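Undergrad: One structure coming up, written as C-alpha cells, with questions to follow.
The values are calculated or read from the model by the stated rules, or taken from the named source; none is laboratory data. Please read these numbers as outputs of a predicted model, since none were measured by experiment. Virtual Cβ from ideal backbone geometry, glycine too; neighbours counted across all protein chains shown. The protein model used for the area step is the full one, side chains on, heavy atoms only, and it has no ligands, DNA or RNA in it. Shrake-Rupley method; radii C 1.70, N 1.55, O 1.52, S 1.80 Å.
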Amino acid sequence: AALDRFLLRKQGLHWDAVPLPGLEVSSLDTATFKKFSALATNSQRLPASIVNDSPQLLLERLRLAQNHYLKRAVALLFHPDPERFVTGACIKIGAFGVNDADLLHHDEVVGNLFTQIENTIEVLKLKYLRALISYDELYRKESYPLPLAALREALLNAVVHKDYSSATAIQISVYPDKLMIWNPGHLPESWTLEKLMSKHAS
C-alpha cells in the first residue's frame, strides 16, 4: 500500500482516481444514483438539471470516467458490492465488555459508501446503543448516550478519510462507557499534531 501511494504521488494521482478495468455502468446501483442526484441538487452542489442525466453522463460530469474506464471511486460510491473490487471496503462493528478480549457480538456492514453510512447508524441504534426512554405527556422520547449528529459526523469522517488501498475495514468498538471509531488513515508526510491543530490548507 505504501509503495502504491508513493508511485501514485509521483504521477500526481490519488488512489481513488485510478481507472478500474472490469467495472461497468450497467453493474452500478441506479437507486444510489437517484439518491445522490437528489442530495447534490438539494445542497446546491450541482445544478438541478443533473436529475435528468444518465449515470454515464453524471459520472463524466463528476470526472469519474477516463478513457472508457470508470475510476475506483465509482466502485466505492455506486456499486452494490464494492468489496468485489476493493478489499476491506466495509465497516465492522463489535460490542465489548470491559476489555478487548470480551467480544459480545459483532456485525459487518457492506454495500456502497452511502448505504454503509445509513445502515451503520441504524445497526448502532438498534443493537449497540441503549436509548433512554422518557415521555413528554403522551409522546415517547428516546435519547441516546451520545448525539446522533456527532456520531454521523464521526462516521462520515472515518469513511471519507480512510486509506482504501490498505485493504482493511473501518472498525467501530462499542464499550459500556465509550464508542471508538478506527480507520486505516494517516496524516500527510511531515505533518505534526501541532500543524493539524493550527490553521492549515484543507
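Undergrad: So, of the residues in the range 174-202 that are of a type in the set (S, T, N, Q) and within 25 Å of A1 (Cα to Cα), which turns out to be least open to solvent (accessible area, probe 1.4 Å)?
TA: Here the residue is N183.
Undergrad: In the range 158-173, how many residues are at pLDDT 95 or above and either in a loop (DSSP other than H, G, I, E, B) or open to solvent by 30 Å² or more (accessible area, probe 1.4 Å) (or both)?
TA: 2
Undergrad: Among the listed residues Q56, Q66, which satisfies the condition of being modelled with pLDDT under 90, out of contact with any Lys or Arg (no Cβ under 8 Å at 6 or more places or on another chain) and open to solvent by 40 Å² or more (accessible area, probe 1.4 Å)?
TA: Q66 is the lone residue from the list that is modelled with pLDDT under 90, out of contact with any Lys or Arg (no Cβ under 8 Å at 6 or more places or on another chain) and open to solvent by 40 Å² or more (accessible area, probe 1.4 Å).
Undergrad: Sticking with this one: With respect to R9, determine if the residue is in a loop (DSSP other than H, G, I, E, B), among the charged types (D, E, K, R), out of contact with any strand residue (DSSP E or B) (no Cβ under 6 Å at 6 or more places or on another chain) and without any contact (Cβ under 8 Å) to a residue 12 or more places away in the chain.
TA: Answer is no for this residue.
Undergrad: Further question: Taking the range 86-111 as the region of interest, how many residues are open to solvent by less than 70 Å² (accessible area, probe 1.4 Å), in contact (Cβ under 8 Å) with a residue 40 or more places away in the chain and farther than 19 Å from S165 by Cα?
TA: Of the residues in that region, 5 qualify.
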